[in-house]
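Participant: Once you've had a glance at the structure underneath, I'll fire off some questions.
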Amino acid sequence: MVQTQLPVYDKLALTRAKAGVGCRYNESHFKTNPTADMTEPKTWMCLICGWIYDESAGAPDDGIAAGTPWAQVPMNWVCPECKARKEDFEMVQI
Ligand SMILES: [Zn+2]
């Protein structure tokens, strides 16, 4: 008898959810705050590896929609390059 297995990412999501860590799987459904102030898009740079987060571009490959303000990027999001936390990023002017 063949047991139905959850896809790997679902298992990971469940594991993280149980651990209270949250996960990208859920965050992709996270509704952005419609009352966010309409300030101009900013860029944030990872101080560890130099990866740039552009608010107008977002990080679609990482589950962050284009136009997502830095403040609305989940606190448990990490740098796609080096896994640094948000606190390791600094706003930069380009
Ligand atoms: Zn980084």
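Each value in this text was obtained by applying a stated rule to the coordinates, not by laboratory testing. Here the structure is a predicted model, which means the values were calculated and not measured. Note: ideal-geometry Cβ built from the backbone for every residue, glycine included; neighbour counts use all protein chains shown.
Participant: Looking only at segment 53-84, which residues are within 12 Å of the ligand (Cβ to nearest atom) and exposed (fewer than 14 other Cβ atoms within 10 Å of the Cβ)?
Facilitator: Scanning segment 53-84 gives 81, 82, 83.
Participant: Against the condition out of contact with any Ser or Thr (no Cβ under 7 Å at 6 or more places or on another chain) and in a loop (DSSP other than H, G, I, E, B), how does residue 48 come out, does it pass?
Facilitator: Yes, satisfied.
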